[in-house]
Amino acid sequence: MAHNYDLGMLRVFVAVYRTRSVTAAAESLFLTQPTVSYALGKLRKRFGDELFVRRHQQLVPTRLADELYPRLREIIERLDAVMEATDAFDPTATGRTFRLVLSDVGVTGLLPKILAALSVRAPRASVDVVPLALSHAAEALRLGDADAVVCTPVLDGPDMVRTPLFTQPYIGVRRPDHPRIGSTPSLEAFEAERHVAVAVETGHTAVDLRIRELGIRRDVAIRLPSFTGIAGVLATTTCLGFAPRVYAERSARLGELGLYELPFEVPESVVSLYTIRRDLPSPEIDWLRDLVVETLGDRTAPDPA
């Protein structure tokens, strides 16, 4: 029996899955929309499944499509790797777009350093920054939607390659002229105030975990999606918050925040770089990993257990 599929059809499936759009998939593959629609129709017949269902102007993958995507993407990547094995990766000539997952603090504090290094070593490369959503970070690597993730929480899985970069302490933040809280408040004073918290999806969970462990009472008045804007929020309230020390000290130097020592010990978190473990080498990703480690790494950061 002849196989009623070809590599082009598999590329169409992967492109549609990533873009959720026939139009965007066609543009990314330099094909016409009818060509993509025709290939998608053949795939639907081949698998006996709709694969993608239109909802709210977007193509939503079916359960079978979700199961097929990582396997078909890996097949294409392996074939491409074999065909390109003889080509040495030249960062000075590459026009590749690297996809990085970073938190808001990572965008403000880490991304400029990465971009500065890229501008020198890979001047034609591009960067697509994806905001960190902790619950989807590992899956983004597995699905090929991200090349690297930089975050504090540990991403579990034998397919995760973790490299510690540096340790990250946290410090309390408040309005500079807070009427009651100075630089070293007591735990009683801390518990008496209302607080600003940050969503766990940002990956900054160390303070929240420690508060729960110690049974400290915290009256959360405001919960923000990220640290962006926390200075403005605290400026108009007497709430207390926390932030990574480097970020907080930068804001304090600008006069946007006042700082205070948290009245309880919070272990320093380790910020790590994650990539996916591959059966075949990827010179581009290996190069990116080395660049990020060299740019952001601190040799005093502990190795992962």
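The values are calculated or read from the model by the stated rules, or taken from the named source; none is laboratory data. These numbers were taken from a predicted model, which means no experiment stands behind them. So basically every Cβ, Gly included, is an ideal-geometry build from the backbone, and we count neighbours across all protein chains shown.
Summary table
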{"quantity": "Scan of the range 176-194 for residues that are of a type in the set (A, V, I, L, M) and assigned to a helix (DSSP H, G or I), ordered by number", "calculated": "187, 189, 192"}
{"quantity": "Conditions (1) touching a Phe, Trp or Tyr at 6+ places or on another chain (Cβ under 7 Å); (2) on the phi > 0 side of the Ramachandran plot; number of the one not met by residue 215", "calculated": "(1)"}
{"quantity": "Test: residue in the range 183-194 that is crowded, with 16+ Cβ neighbours inside 10 Å, among the aromatic types (Phe, Trp, Tyr) and in contact with a strand residue (DSSP E or B) (Cβ under 8 Å, 6 or more places away or on another chain)", "calculated": "yes"}
{"quantity": "Residue within the range 52-72 that is within 19 Å of residue 274 (Cα to Cα), surrounded by 12 or more Cβ atoms within 10 Å (Cβ to Cβ) and free of Cβ contacts under 8 Å to residues at least 60 places away in the same chain present", "calculated": "no"}
{"quantity": "Matching residues in the range 1-59 - criterion: being aromatic (Phe, Trp, Tyr) and in contact with a Ser or Thr (Cβ under 9 Å, 6 or more places away or on another chain)", "calculated": "52"}
{"quantity": "Enumeration of residues in the range 251-278 that are surrounded by fewer than 16 Cβ atoms within 10 Å (Cβ to Cβ) and either basic (Lys, Arg) or in contact with an Asp or Glu (Cβ under 8 Å, 6 or more places away or on another chain) (or both)", "calculated": "253, 277, 278"}
{"quantity": "Every residue from the range 230-286 that is of a type in the set (Val, Ile, Thr) and over 26 Å from residue 134 (Cα atoms)", "calculated": "236, 237, 238"}
{"quantity": "Which listed residue is out of contact with any Leu (no Cβ under 7 Å at 6 or more places or on another chain), at pLDDT below 95 and closer than 18 Å to residue 105 by Cβ, from 231, 206, 235", "calculated": "206"}
{"quantity": "Lone qualifier among 223, 212, 277 - being over 25 Å from the mean Cα position of the chain (by Cα) and over 16 Å from residue 166 (Cβ atoms)", "calculated": "212"}
{"quantity": "Unmet requirement for residue 192, which otherwise passes all of (1) over 18 Å from residue 108 (Cα atoms); (2) touching a helix residue (DSSP H, G or I) at 6+ places or on another chain (Cβ under 7 Å)", "calculated": "(2)"}
{"quantity": "When residues of the range 268-283 are limited to those that are part of a strand (DSSP E or B) and over 13 Å from residue 157 (Cα atoms), the one modelled with the lowest pLDDT", "calculated": "269"}
{"quantity": "Residue list for the range 135-191, filter: within 26 Å of residue 229 (Cα to Cα) and either free of Cβ contacts under 8 Å to residues at least 12 places away in the same chain or basic (Lys, Arg) (or both)", "calculated": "136, 174, 175, 180"}
{"quantity": "Residue in the range 81-95 that is nearest to the chain's Cα centre (by Cα), counting only those that are modelled with pLDDT under 90 and within 27 Å of residue 138 (Cβ to Cβ)", "calculated": "94"}
{"quantity": "Residue 234 under 13 Å from residue 174 (Cα atoms) and either among the aromatic types (Phe, Trp, Tyr) or out of contact with any helix residue (DSSP H, G or I) (no Cβ under 9 Å at 6 or more places or on another chain) (or both)", "calculated": "yes"}
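The rows are residues; the columns are (1) at pLDDT 95 or above; (2) over 28 Å from residue 155 (Cβ atoms); (3) touching a Leu at 6+ places or on another chain (Cβ under 7 Å); (4) assigned to a strand (DSSP E or B).
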| site | (1), (2), (3), (4) |
| --- | --- |
| 211 | yes, no, no, no |
| 221 | yes, yes, no, yes |
| 242 | yes, no, yes, yes |
| 246 | no, no, no, no |
